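A quick write-up on the structure given underneath.
The values are calculated or read from the model by the stated rules, or taken from the named source; none is laboratory data. Note that the structure is a prediction, hence the values are computed from the model and not measured. Cβ placement follows ideal geometry from the backbone for every residue including glycine, while neighbour counts extend to all protein chains displayed.
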Amino acid sequence: SQKIEQNSEALNIQEGKTATLTCNYTNYSPAYLQWYRQDPGRGPVFLLLIRENEKEKRKERLKVTFDTTLKQSLFHITASQPADSATYLCALDPSSGGYNKLIFGAGTRLAVHP
Amino acid sequence: NAGVTQTPKFRVLKTGQSMTLLCAQDMNHEYMYWYRQDPGMGLRLIHYSVGEGTTAKGEVPDGYNVSRLKKQNFLLGLESAAPSQTSVYFCASSGDISYEQYFGPGTRLTVT
């Protein structure tokens, strides 16, 4: 079946370290993949989009990679801070018809400890 | 610029009751979406709209109806609520050129 998998276990790291979150997908060939941040009780907030022809994308302390052969995206937060603690969702549009209809992973909760 | 707003924030319904959730966006976006989010599961698309007067089914449309009479508003209706519809509902919008979606704050619905 088609699905997106993110590590369901929470990721606990020490402040200042690099957090790496994984998103794996099967049976899709997406043109792009997106990452969102969600805080408890709030709606997701867009962070980064990476296209299939881009290997890596950076924004401040965030870095996303996209390996279409492995069907995997990695999301990195460098020099992590307690304020980075949240759930991070990956999403992709499985259709070629546009309209940005996203399929979301269940998310990985990140906890950054002082 | 309020972005995406949702009304109400919380609601409790009894089985069989009906209600309408309202989503409004002030970014002149063409595309609007309704998702539900359940514990341990990703956001699942219920219905979406690609422009005023259009609607289409998403991944989990059964038990819901939608309307988009005005470009800025997208309504989600539950005609006969069931306990399985207990969830947090999110509305989102996006432009037809950029791909990021802007989400509302959510509506927490409990059906008893």
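Yes or no: segment B:51-63 includes at least one residue that is assigned to a loop (DSSP other than H, G, I, E, B), touching a residue at least 12 places away in the same chain (Cβ under 8 Å), within 30 Å of A:Glu9 (Cα to Cα) and among the small types (Gly, Ala, Ser).
So in segment B:51-63, the residues assigned to a loop (DSSP other than H, G, I, E, B) come out as B:51-55, B:58-63.
Subsequent filtering for residues that are touching a residue at least 12 places away in the same chain (Cβ under 8 Å) retains B:51-55, B:58-61, B:63.
Remaining after also requiring within 30 Å of A:Glu9 (Cα to Cα): B:58-61.
When the remaining residues are screened for being among the small types (Gly, Ala, Ser), the result is B:58.
Looking for residues that are assigned to a loop (DSSP other than H, G, I, E, B), touching a residue at least 12 places away in the same chain (Cβ under 8 Å), within 30 Å of A:Glu9 (Cα to Cα) and among the small types (Gly, Ala, Ser), one finds at least one in segment B:51-63, hence yes.
Only one residue in B:Glu79, B:Glu100 is away from chain A (no Cβ under 11 Å) and either among the charged types (D, E, K, R) or touching a helix residue (DSSP H, G or I) at 6+ places or on another chain (Cβ under 6 Å) (or both), so which one is that?
Answer to the selection: B:Glu79.
Step by step: first the residues of segment A:49-73, then only those that are in contact with a Leu (Cβ under 7 Å, 6 or more places away or on another chain) and hydrophobic (A, V, I, L, M, F, W, C), then the one that is surrounded by the fewest Cβ atoms within 10 Å (Cβ to Cβ). Which residue is that?
First pass over segment A:49-73, keeping only residues in contact with a Leu (Cβ under 7 Å, 6 or more places away or on another chain): A:50, A:57, A:59, A:62, A:64-66, A:73.
Remaining after also requiring hydrophobic (A, V, I, L, M, F, W, C): A:50, A:62, A:64, A:66.
Details: A:Ile50: 20, A:Leu62: 17, A:Val64: 24, A:Phe66: 23.
That would be A:Leu62.
B:Ser94: of a type in the set (S, T, N, Q) and either at the interface with chain A (Cβ under 10 Å from one of its Cβ atoms) or at positive phi (or both), yes or no? Reasoning before the result, please.
Details: of a type in the set (S, T, N, Q): yes; either at the interface with chain A (Cβ under 10 Å from one of its Cβ atoms) or at positive phi (or both): yes.
Taking the combined requirement at face value, the residue satisfies it.
For segment A:56-114, which strands (runs of 3 or more DSSP E) that fit wholly inside it have 1 or more residues that are within 14 Å of chain B (Cβ to nearest Cβ)?
Per the criteria, A:56-59, A:62-67, A:86-92, A:108-113.
I'd like to know if segment B:20-27 contains one or more residues that are in contact with a Lys or Arg (Cβ under 6 Å, 6 or more places away or on another chain) and either within 20 Å of B:Val111 (Cβ to Cβ) or among the charged types (D, E, K, R) (or both).
Filtering segment B:20-27 for residues in contact with a Lys or Arg (Cβ under 6 Å, 6 or more places away or on another chain) gives none.
Within segment B:20-27 (the criterion being in contact with a Lys or Arg (Cβ under 6 Å, 6 or more places away or on another chain) and either within 20 Å of B:Val111 (Cβ to Cβ) or among the charged types (D, E, K, R) (or both)), the answer is no, since none of the residues qualifies.
Kindly evaluate B:Ser93 against the criterion of being outside any loop (DSSP other than H, G, I, E, B), touching a residue at least 24 places away in the same chain (Cβ under 8 Å) and polar (S, T, N, Q).
yes
Over 27 Å from B:Tyr31 (Cα atoms) and among the β-branched types (Val, Ile, Thr), is that true of A:Thr22? Before you say what the answer is, go through the steps one by one.
Numbers: over 27 Å from B:Tyr31 (Cα atoms): yes; among the β-branched types (Val, Ile, Thr): yes.
Spelling it out, A:Thr22 is indeed over 27 Å from B:Tyr31 (Cα atoms) and among the β-branched types (Val, Ile, Thr).
Residue check: is A:Gly41 more than 11 Å from chain B (Cβ to nearest Cβ) and on the phi > 0 side of the Ramachandran plot? I'd like the intermediate steps shown before the answer.
Details: more than 11 Å from chain B (Cβ to nearest Cβ): no; on the phi > 0 side of the Ramachandran plot: yes.
No: the conditions fail for A:Gly41.
Would you be able to tell me the number of residues in segment A:64-85 that are modelled with pLDDT of 95 or more and at positive phi?
1
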